[in-house]
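The values are calculated or read from the model by the stated rules, or taken from the named source; none is laboratory data. The model shown is predicted, which means the values in this text are computed figures rather than measured ones. Neighbour counts run over all protein chains shown; Cβ positions are idealised from the backbone, glycine included. The area values use the complete protein model at the heavy-atom level, side chains included, leaving out ligands, DNA and RNA. Shrake-Rupley method; radii C 1.70, N 1.55, O 1.52, S 1.80 Å.
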Amino acid sequence: MKSRDIAAEYIAKCEEIIKHDTIEALSYLGEECVKRVRDRSPKDSWNDQTGNLRSSIGYMVLYNGQPVQRGGFMPTTNAPKGDGSKGRSDGEKFLQETVAEVARDNSFALVIVAGMNYADKVEALENKDVLASTQLWADNQWPTIEKNLQKRIENDINKIQLIM
């Protein structure tokens, strides 16, 4: 094999490692954010009536403007007036609309939504936390996740160096 071919193969493997590991890190952060929003008590969030707001919480990871991972939008089981099915569908729709606005080429993105059209009113008018504290938490967590991601990428690239 020519050294040029070996270099091209090595670069391609490095790019794949960076993509894979970054998508995993962003997916992990997305899952943790969804859990933080959904798994709080009514005292720390809001009282469910239909379950729609809680079920409208979800995320998507994008790479080069394309969806590569998604999560959330789970039904609720303890709302007195429903299971959140409208929230799930509205959340999915809102996520697609939001992703279309933020998708960029050659980049990674994590989009987290509360898809019910009244989510901002719950935060503003009822002084209940929907996504605000979770965004602050995620911003605070990212430096540690990024540092761990960098170490993981370096370790994974070092492994392919050993076999090439």
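For this structure, a couple of remarks:
- Selection of segment 119-147 for residues being surrounded by fewer than 15 Cβ atoms within 10 Å (Cβ to Cβ) and in a loop (DSSP other than H, G, I, E, B) yields Glu126, Asn127.
- Residue satisfying all of: in segment 1-57; part of a loop (DSSP other than H, G, I, E, B) and open to solvent by 80 Å² or more (accessible area, probe 1.4 Å); nearest to Val68 (Cα to Cα) among these: Asp39
- Long-range neighbours under 9 Å by Cβ, at least six apart or interchain, first residue closer than 22 Å to Lys128 by Cβ within segment 16-41, second part of a helix (DSSP H, G or I) and open to solvent by 70 Å² or more (accessible area, probe 1.4 Å): Cys33/Gln135
- As for segment 44-61, it holds at least one residue that is farther than 18 Å from Lys128 by Cα, touching a helix residue (DSSP H, G or I) at 6+ places or on another chain (Cβ under 9 Å) and among the β-branched types (Val, Ile, Thr).
- Subset of segment 98-108 (residues that are in contact (Cβ under 8 Å) with a residue 40 or more places away in the chain and either hydroxyl-bearing (Ser, Thr, Tyr) or surrounded by 16 or more Cβ atoms within 10 Å (Cβ to Cβ) (or both)): Ala103, Ser107, Phe108
- Residue list for segment 104-117, filter: farther than 16 Å from Ser85 by Cα, in a loop (DSSP other than H, G, I, E, B) and not acidic (Asp, Glu): Arg104, Asn106, Ser107
- Test for Tyr63: is it under 23 Å from Glu154 (Cβ atoms), among the hydroxyl-bearing types (Ser, Thr, Tyr) and at pLDDT below 95: yes
- Any hit, segment 62-84, residues being in a helix (DSSP H, G or I), open to solvent by less than 20 Å² (accessible area, probe 1.4 Å) and of a type outside the set (A, V, I, L, M): no
- First in segment 69-97 and under 22 Å from Val111 (Cβ atoms) and among the acidic types (Asp, Glu), second anywhere and open to solvent by 80 Å² or more (accessible area, probe 1.4 Å) and outside any strand (DSSP E or B), Cβ under 9 Å, 6 or more apart: Asp90/Asn117
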